[in-house]
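These notes are about the structure you will find just below.
The values are calculated or read from the model by the stated rules, or taken from the named source; none is laboratory data. Just so we're clear, the structure is a prediction, and the values are computed from it rather than from any experiment. Ideal geometry is used to build each Cβ from the backbone, glycine not excepted, and the neighbour counts take in all protein chains shown.
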Amino acid sequence: MSVHQTTCCYCGVGCGIVVRQEPNGRLTVEGDKQHPSNRGMLCSKGLNLPYTVMDQSDRLLYPQMRLGRSMPLQRVSWDAALERTAAVFRTLIQKYGPDSVAFYVSGQSLTEEYYLVNKLIKGFIGSNNIDTNSRLCMSSAVVGYKLSLGEDAVPVCYDDIEEADVFYVQGANPAWCHPILWRRIEAHKTANPHVKIICVDPRRTDTARSSDLHLPIRPGTDIVLNNAIGRLLIENGHIDPDFMLDHTDGFPAYREQVLQRTTGEAADLCGIEPNAIRQAAAWIGRSKGFLSLWTMGLNQSVVGVNKNLSLINLHLITGRIGKPGNGPFSLTGQPNAMGGREVGGLANALPAHREVTNAAHRAELEAFWNSPVRMAPQPGLTATEMFEALADDKLKAIWIINTNPLVSMPDVNAVEKALKTARFVVVQDVSNRADTVALADVVLPAAAWLEKEGTMTNAERRIAYLPKVLDAPGEALPDAEIIWRFAHKMGFGDSFRYTKPAEVYQEYTQITAGTNVDVTGVNYELLRKNRTIQWPFPKKEIANNEVKNPENRVIPPGTQRLFTDHRFYTANQRAQIHAVPDGNASEPTDEDFPLVLTTGRIRDQWHTMTKTGRVAKLGQHSPQPFLQIHPDDAAQRGIREGQLVDVRGRRGEVRVRAQLTDDVRPGLCFLPMHWGKILASNQVRANNLTNALIDPRSKEPDFKFSAVEVVPY
Ligand code: SF4
């Protein structure tokens, strides 16, 4: 039997997993008790990973291509597939310029893969047209952190959980979506009954049910609530004037902003009781450890950046940051969304948190990569912009890697039209269940989890090494190898002479030297020995501070939490408090579409179900898509429990069974986001209804607020 330590490939918690392979090939998994993130625990998705690995019935096994969309895909060699793709890319670039092509990648890609695609398009093709599905997930938090703390740097670590006594969970349902973190919070509360959990969510989720205070605010009113809490913290004397004087800017304008509304006015706007806001402010104000956690309820909003800033403000005015148990903690959705950002896998970013708009940063990368082109000075197309540009024929070719935009993008009917009419579509994926495969001109089979090696970074800046345990089936190749082989076909072979991912990672670490994301001390050998390392981890830390635990593993001396010296990453090392207006700019409701639709995850499924949808056990929790609607709204429309209903919006519709529940506020309904065409039908795809409005700064879509009507079928 062989035993391997690796990391779960689903969510950003980044749980350590021990994989055992028996001589007959059977795989078992258990939580890694030595892993600092999960301490041996795994949720239902992690525990069922062996089934997704052992069932290979849906795997893409060979490269395929076709010369016209009306023709069937045909098996070809790797050389043929990559040569044709390179020929098309070269022709388009020559005729229309480098911005005529784009890569759309995934927060599930490994760091090395992200780095290579980024290097190829930015440093060698000369376009910044690479974006990731993390744009749909984390980009508002990224901008929020940058504007307030100076950089996309999550300041806390999981060990802060056991140091906190107030948890403020806003727009997140960690009980379902980050279950192992939530179990740590629950265990901490059980051991310390004085610990308080406040949950802000228009839905009564499992997180809300196990909280001490649930604030079921109207969708879109998070900033009103946070500003109201800010006002009460000021009025109750629960702010830290010395901290603000020494380490922040912007408080006077903030105070002026939050004083504009009384608690009563804010409560009316939020649709909750004033005393509930007072209670939340009192607990936060009196806490010793104030940890806020958030995900898509704040991020996936047309005012997502302002929502983030309004929450981070609460930490800055109280000085609750950089101290044990305190800090604003944006929970990463995908397993390597953070690693992708570290290597610059966004249309506006460069490796080590550099910016494409910064001439000095571009010059550093051009020199480091020995680029044959001048790097483009303007940000490339972001996720939603790519598909709009495809529809307008401004973008001619798109290469989609390990993500399924035909289910996951907002206003997905428009995305489907764009892909159908696009001149050239390459899909690189593991599974033939990805809906996008049906619209591809070239299909490239990728190796899956356990079939390739590389690194990922979880939500607490913890870099983990994932070993190769199994051979990929058929001719599937690791994503990194596909990209470096393609670079050779494009004529960039001299700069892509890699033979293994360790070389790619080593190259990346060199350009982090001296930055806030310095990982020059990290390499595969150390990661194999140590299992995980948090960034930053400069080289000197190995030489000077190596210490070992009883298992003879190196304990990294890297910072567990950031900003312990209260020097932030802004130019003047002071954090910026922002006066944030509390308006929302979501799609308006009206007589025809009077209800607000919000979308989200269910407990046992992951994204577009290409993996979890294959595990029968995981389907038992919620076998079918459903619409949650308040009983009063249902009664007004003559809708009964379990009845088929049509959910109609301005861009499309969905037909599902109604679930009547007061877990949603009146005026609100909820659809899970997982189901797509292949697994069910077009009729249940939640994103038929969502809109393409985006936050102007983060470019993150407004998934949580679309106007709809519901009628009996
Ligand atoms: Fe995997 Fe996330 Fe579950 Fe951990 S909590 S086992 S990382 S899905």
Which one of 440, 480, 459, 487 is in contact with a Ser or Thr (Cβ under 6 Å, 6 or more places away or on another chain), in contact (Cβ under 8 Å) with a residue 24 or more places away in the chain and either crowded, with 24+ Cβ neighbours inside 10 Å or not assigned by TED's automatic domain parsing to the domain that holds residue 177 (or both)?
-> 459
Filter pass, residue 16 being more than 8 Å from the ligand (Cβ to nearest atom), of a type outside the set (Phe, Trp, Tyr) and crowded, with 22+ Cβ neighbours inside 10 Å = yes
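Residue by residue, here is whether (1) free of Cβ contacts under 8 Å to residues at least 24 places away in the same chain; (2) over 27 Å from residue 335 (Cα atoms); (3) not assigned by TED's automatic domain parsing to the domain that holds residue 209 holds:
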| site | (1), (2), (3) |
| --- | --- |
| 608 | no, no, yes |
| 622 | no, no, yes |
| 637 | no, yes, yes |
| 642 | yes, yes, yes |
| 666 | no, yes, yes |
| 683 | no, yes, yes |
| 687 | no, no, yes |
Assuming residue 207 fulfils every condition listed in (1) touching a Phe, Trp or Tyr at 6+ places or on another chain (Cβ under 9 Å); (2) at pLDDT 95 or above; (3) more than 16 Å from the ligand (Cβ to nearest atom) apart from one, which condition is it?
-> (3)
Which is farther than 21 Å from residue 188 by Cα, surrounded by fewer than 24 Cβ atoms within 10 Å (Cβ to Cβ) and touching a helix residue (DSSP H, G or I) at 6+ places or on another chain (Cβ under 7 Å), of 285, 264, 340?
-> 264
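Can residue 31 be described as over 28 Å from residue 181 (Cβ atoms) and either in contact (Cβ under 8 Å) with a residue 12 or more places away in the chain or away from the ligand (no atom under 13 Å from the Cβ) (or both)?
no
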Could you grab me the full set of residues in the stretch 355-378 that are in contact (Cβ under 8 Å) with a residue 12 or more places away in the chain and of a type outside the set (A, V, I, L, M, F, W, C)?
-> 357, 362, 364, 366, 370, 371, 372, 374, 377, 378
For residue 98: the one exception among (1) away from the ligand (no atom under 16 Å from the Cβ); (2) modelled with pLDDT of 95 or more; (3) out of contact with any Ser or Thr (no Cβ under 6 Å at 6 or more places or on another chain) = (3)
Kindly indicate the residue of the stretch 587-641 that is surrounded by fewer than 19 Cβ atoms within 10 Å (Cβ to Cβ) and of a type in the set (Ser, Thr, Tyr) and also modelled with the lowest pLDDT among those meeting that condition.
-> 622
Taking into account only those residues within the stretch 158-199 that are touching a Lys or Arg at 6+ places or on another chain (Cβ under 6 Å) and farther than 18 Å from residue 287 by Cβ, which is farthest from the ligand (Cβ to nearest atom)?
-> 176
Considering each residue of the stretch 41-84, count those that are of a type outside the set (D, E, K, R) and within 11 Å of the ligand (Cβ to nearest atom), and give that number.
-> 8
Enumeration of residues in the stretch 462-477 that are in contact (Cβ under 8 Å) with a residue 40 or more places away in the chain, farther than 18 Å from residue 331 by Cβ and out of contact with any Pro (no Cβ under 9 Å at 6 or more places or on another chain) = 465, 466, 467, 469, 470
